[in-house]
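Have a look at the structure below, then the notes.
A short reminder: the numbers here are calculations on the coordinates, not readings from a lab. Values in this document were obtained by computation on a predicted structure and should not be read as measured data. Quick reminder, even Gly has a Cβ in these numbers, built from the backbone with ideal geometry, and neighbours come from all protein chains shown.
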């Protein structure tokens with residue numbers, strides 16, 4: 001690994017980590033504010049719409065964004081002209097898909113709420129959320145472009161601006177517009193405002209960079225190499241992410257229903273679901289700000305080194321990344337075992353949240369390490385293998401939700417998470433170790449497969 005690549009990874013990881021930590025703190029404040037505004041039950045309704053949001057995001061944007069990052073990082077797409085063409089194709093495809101999804105969600109929100117989420121109270125939230133999809137797509141494509149260039153500053157600012165706009169929007173609405181009892185859809189307005197403002201920031205940043213460094217005049221051919229390469233890379237990634245996210249959404253949707261079978265009380269199950277997804281899991285996932293930042297910067301670096309068949313450089317990156325993720329994971333576990341109950345009470349005024357933080361503490365090393373290993377596998381162009389391992393992990397968790405949660409409550413989900421992440425992390429580590437220790441160099445065809 002060259003010193004420039006190493007410095008880019010370290011610098012990018014640091015910038016994204018600082019921005020991510022600040023964003024997470026702002027996100028915690030937002031959740032605390034929402035909890036105090038409309039309570040754990042409405043927070044549960046608010047959280048129920050995000051599985052639908054993630055499915056649409058995967059369909060419209062996520063695979064295209066990841067493909068754009070990988071293509072921009074490739075040695076054979078180093079001219080500003082080629083990168084601009086790639087971004088143009090990505091934006092066109094992603095925005096068309098997002099507009100279609102926005103229309104469908106707006107007009108079929110009642111059906112989705114009743115048939116899929118089994119809560120008609122989610123309908124207004126989904127209609128409001130549908131307004132955000134085009135902005136999410138534009139922001140995602142430009143983010144993928146900058147990450148491929150390993151320029152993380154614009155993306156970092158986008159995260160912060162989104163959180164500030166989200167919190168400020170909800171605060172202003174609650175202060176000057178809210179009349180009567182607050183409902184979950186007020187929080188969704190904040191999501192839309194945050195996405196709109198951060199999207200405008202990304203567009204402004206890109207246009208400003210083009211003014212400072214104009215692209216040499218050279219037309220993009222409609223059926224050129226750029227479009228074919230982007231489609232060839234994005235289609236399997238989108239299919240993988242969509243199928244994976246659909247299963248993750250099924251997992252999230254099943255939890256409140258199985259909790260309802262356990263409690264025999266809809267309000268109690270929604271309140272516990274809101275506590276889990278709105279308070280506990282964000283706390284557990286807080287250190288992933290660092291590991292996800294590392295994973296984000298690793299993907300283009302691994303892709304570039306793998307294209308150059310530089311296995312020794314990849315091995316060094318992987319070894320350091322694994323040790324770093326394990327250090328963060330074990331430190332987080334120790335903290336939650338010692339101070340998890342206090343943290344839940346201090347942040348949210350909830351003894352339930354504190355108890356769950358203590359119980360879920362052992363998950364931390366596996367969650368943090370799996371995200372890093374998954375990014376490495378994707379950087380090697382083996383997204384299908386990563387999908388297979390992820391589906392296996394989600395399948396295990398869904399099985400535990402259906403089997404144990406109705407009988408023993410949320411502890412059944414915790415044991416399912418433990419087993420699934422243990423198996424998923426082990427499989428990822430085994431395959432990566434075997435891939436980078438082979439004597440024969442990886443074929444370039446596997447990079448774009």
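Annotations
- Projected label points at residue 114 and residue 312, each 7 Å from Cα along the beta carbon direction, are separated by 6.6 nanometres.
- Inter-label distance, nm, simple model (7 Å from Cα along the C-beta direction), residue 204/residue 430: 5.1 nm
- Distance from the C-alpha centroid of the stretch 58-119 to that of the stretch 315-353: 33 Å, rounded to the whole angstrom.
- Set of the stretch 384-417 residues, backbone N closer than 12 Å to the point 7 Å along the Cα-Cβ line of residue 239: 384
- Relative contact order of the stretch 3-447: 22 percent, from C-alpha pairs under 8 Å at least 6 residues apart in sequence.
- Whether the stretch 84-192 is rounded, prolate or oblate, judged on the alpha carbon gyration tensor where a/c under 1.5 counts as rounded: oblate
- By definition, a body whose alpha carbon gyration tensor gives a ≥ b ≥ c is prolate when a/c is 1.5 or more and a/b is larger than b/c, and the stretch 230-280 fits this prolate description.
- Rounded if a/c under 1.5, otherwise prolate or oblate - the stretch 17-176, Cα gyration tensor axes: oblate
- Stretched out straight at 0.36 nm per residue, the stretch from residue 326 to residue 106 would grow longer than its current Cα-Cα span by 74.9 nm.
- Available extension along the chain between residue 99 and residue 264 is 55.4 nm, counting 0.36 nm per residue and deducting the alpha carbon span.
- Note on residue 79 and residue 25: the extension gain reaches 15.6 nm, defined as 0.36 nm multiplied by sequence separation minus the Cα-Cα distance.
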